[in-house]
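The values are calculated or read from the model by the stated rules, or taken from the named source; none is laboratory data. Values in this document were obtained by computation on a predicted structure and should not be read as measured data. Reconstructed Cβ throughout: ideal geometry from the backbone, glycine too, with neighbour counts over all protein chains shown. Only protein heavy atoms, including side chains, enter the accessible area calculation; ligands, DNA and RNA are left aside. Shrake-Rupley method; radii C 1.70, N 1.55, O 1.52, S 1.80 Å.
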Amino acid sequence: MAFRLLNITNEVALGDGSQSDLEALLSSDQKFTIPRLKNGDINCRKLVEQFRLPEDLPRKLANALYYIDAMATNDGADQLQTEFEKVHPDFTLEEAHVCPIGCSIKAWLKDSALVKRVLAETSVENIQATDVFRGPSGKTRKTVTKNHISKLTTLMRLWFDANRRGKRAEITHFKRNGAIWFVVRRGDAFKREAQINQDTGESVASFGYKELHDIVIYDPEMNDLQVHADGTKVKRQYALAFGEALFGDIDFFQPGDVYTLKPLLKKKSGALNCGGIPGLTGARLFRIEYPVGNSQNETVAHKSDDLLVSFAEREKSLASSGVLWNSIQQLRQATIKLEFTEVDGVQIGERSVRICPPGRVLFKRDGAAPLIERFLKQNGYVLDKPEAEDAEDPA
């Protein structure tokens with residue numbers, strides 16, 4: 001197992017929580033023998049020792065503990081309580097204010113699929129880079145069915161298996177800010193690792209697939225697919241599989257020109273317009289990279305608190321030193337710092353967005369993400385698609 005249980009390895013919390021819930025969880029895997037005291041109660045000390053070695057636990061129980069442990073925090077308990085109140089209004093997570101471990105176990109026993117969804121939604125905020133594949137204008141899909149997910153899972157499992165990444169893949173999806181998010185839990189390339197046997201101290205070879213989580217975001221409005229994953233080959237496969245599963249066309253999503261930095265070169269501060277975007281109070285250019293254009297493929301990078309101010313100071317001096325802004329013909333990437341106040345009741349502060357034409361952008365996908373996307377479109381960093389027929393949702 002490529003993980004460790006950090007939150008539920010608390011003997012006191014396990015002992016003080018609902019023993020009936022703990023019993024039900026441990027009994028859900030018939031391959032696991034529950035450690036007990038002489039009086040028949042669960043031996044929480046022995047249980048914690050076993051939890052600290054999840055690789056020795058039966059697979060079904062270890063998988064459940066992975067999700068439970070991830071949500072067994074104060075923030076996780078609050079998020080579970082909020083979502084369970086929406087889906088199961090008559091169900092109460094009575095231990096949420098006392099023990100997040102008990103809350104997470106109770107939630108898992110009630111609706112494990114909902115726990116997985118909540119974890120997926122909270123974990124995606126930390127992603128940064130996405131590569132964009134463009135779908136054609138005139139077609140879109142606003143809903144995803146179980147059949148779509150089943151076909152998509154089958155396609156990706158076949159590809160993972162054929163490419164040394166195991167045949168197991170699990171896809172969770174949910175809607176967020178008008179887009180459909182997919183979290184793909186799958187294995188990395190098969191590899192050998194040396195581990196220390198805790199009983200004998202000997203080095204033992206372990207073979208397996210490291211657990212990874214890929215994020216794929218489908219935007220029905222733009223009809224684009226944003227992929228967060230490692231490796232060009234797997235990103236392209238996601239585009240092929242999503243095209244076939246959602247639209248019956250393996251070539252539906254194609255890499256293309258999505259982003260441009262020409263407005264920044266042409267307008268300078270005029271391409272940092274924050275007007276009309278709630279909560280966004282300022283923008284400044286922090287870093288740029290551009291090619292020199294020589295035979296050695298040389299690239300130059302500049303970084304300062306505010307690059308446009310720095311270049312303006314150069315141009316105002318009697319004896320300018322270095323490159324002037326108007327001499328730069330092309331930008332390979334640019335990082336812009338955005339200053340937010342409060343968004344949906346949450347203090348955001350500063351956010352960075354890095355634009356890497358033609359199809360890559362990096363920024364945190366938290367509550368400020370829709371406003372960052374609006375900033376990019378408003379200032380011309382997102383290229384328009386050719387005009388086409390009115391969009392339709394295929395059957």
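Below is a table of values for the structure above.
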| item | result |
| --- | --- |
| Residue that is nearest to Gly248 (Cα to Cα), among those in the range 154-165 that are touching a helix residue (DSSP H, G or I) at 6+ places or on another chain (Cβ under 9 Å) and surrounded by 17 or more Cβ atoms within 10 Å (Cβ to Cβ) | Leu155 |
| Residue within the range 118-136 that is without any contact (Cβ under 8 Å) to a residue 40 or more places away in the chain and either open to solvent by less than 10 Å² (accessible area, probe 1.4 Å) or outside the structural domain of Trp181 (by the TED database) (or both) present | no |
| Residue under evaluation Asp257, criteria (1) at pLDDT 95 or above; (2) part of a loop (DSSP other than H, G, I, E, B); (3) open to solvent by 40 Å² or more (accessible area, probe 1.4 Å), criterion not met | (1) |
| Asp29 being under 22 Å from the mean Cα position of the chain (by Cα) and in contact (Cβ under 8 Å) with a residue 24 or more places away in the chain | no |
| Some residue of the range 126-142 being part of a helix (DSSP H, G or I) and of a type in the set (Ser, Thr, Tyr) | no |
| Counted residues, the range 326-349 - those being in contact with a Leu (Cβ under 7 Å, 6 or more places away or on another chain) and open to solvent by 20 Å² or more (accessible area, probe 1.4 Å) | 0 |
| Test: residue in the range 219-234 that is out of contact with any helix residue (DSSP H, G or I) (no Cβ under 9 Å at 6 or more places or on another chain), part of a helix (DSSP H, G or I) and open to solvent by less than 10 Å² (accessible area, probe 1.4 Å) | no |
| Residue tally, condition modelled with pLDDT of 70 or more and either at positive phi or of a type in the set (Gly, Ala, Ser) (or both), over the range 175-212 | 6 |
| Unmet criterion (only one of (1) more than 21 Å from the chain's Cα centre (by Cα); (2) not in a loop (DSSP other than H, G, I, E, B)) for Thr92 | (2) |
| From the options Leu376, Leu338, Leu331, residue that is over 30 Å from Thr122 (Cα atoms), aliphatic (A, V, I, L, M) and at pLDDT 95 or above | Leu331 |
| Total residues in the range 352-377, condition part of a strand (DSSP E or B) and open to solvent by 40 Å² or more (accessible area, probe 1.4 Å) | 3 |
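Listed here are the residues, each with its yes/no results for (1) open to solvent by 20 Å² or more (accessible area, probe 1.4 Å); (2) outside the structural domain of Asp366 (by the TED database); (3) part of a helix (DSSP H, G or I).
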position: Ala245; (1), (2), (3): no, yes, yes
position: Asp251; (1), (2), (3): yes, yes, no
position: Lys267; (1), (2), (3): yes, no, yes
position: Gly276; (1), (2), (3): yes, no, no
position: Phe286; (1), (2), (3): yes, no, no
position: Tyr290; (1), (2), (3): no, no, no
